[in-house]
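Have a look at the structure below before the remarks.
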Amino acid sequence: MVSLGMVIKSIREFNRTVPFVPYEIHMASGERYSVPHPDFISISPAGSYVVIIDAHERPHHLNALVIERASLVGRRRRHKARKGSA
């Protein structure tokens with residue numbers, strides 16, 4: 001299981017990446033929240049809460065304890081080619 005601190009650290013690193021790459025926050029409930037730009041997210045100083053503003057200007061207050069992971073949008077795992085395949 002990923003620790004709370006590691007998830008928040010990942011989110012902070014995603015926000016500082018230059019150039020910025022959009023990402024999603026995945027909740028334990030299965031919900032996903034898109035972060036298209038760093039202006040759409042705020043993290044409390046202690047990392048206990050995250051606030052995301054959606055495309056309709058609605059805030060979503062997320063308890064960091066139920067954030068499962070953050071992942072880059074549009075990035076898929078690459079599979080190694082099988083032996084003998086061309």
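Residues in region 24-47 that are hydroxyl-bearing (Ser, Thr, Tyr) and either open to solvent by 50 Å² or more (accessible area, probe 1.4 Å) or touching a Lys or Arg at 6+ places or on another chain (Cβ under 9 Å) (or both): Ser29, Ser34, Ser42. The residues of region 39-75 that are of a type in the set (Asp, Glu) and not in a strand (DSSP E or B), listed by number, are Asp39, Asp54, Glu57. Flag not set for Glu13, criterion: modelled with pLDDT of 95 or more, open to solvent by 70 Å² or more (accessible area, probe 1.4 Å) and on the phi > 0 side of the Ramachandran plot. Contact map, region 34-52: residues that are free of Cβ contacts under 8 Å to residues at least 24 places away in the same chain paired with residues that are of a type in the set (A, V, I, L, M) and not in a strand (DSSP E or B), Cβ distance under 7 Å, separation 6+ or inter-chain. Pairs shown: Ser48/Ala64; Tyr49/Ala64.
The values are calculated or read from the model by the stated rules, or taken from the named source; none is laboratory data. All figures in this text were calculated on a predicted structure; none of them were measured in a lab. A quick note on method: Cβ atoms are made from the backbone with ideal geometry, for glycine too, and the neighbour counts reach across all protein chains shown. We work out accessible area using only protein heavy atoms, side chains counted, and drop any ligands, DNA or RNA first. Shrake-Rupley method; radii C 1.70, N 1.55, O 1.52, S 1.80 Å.
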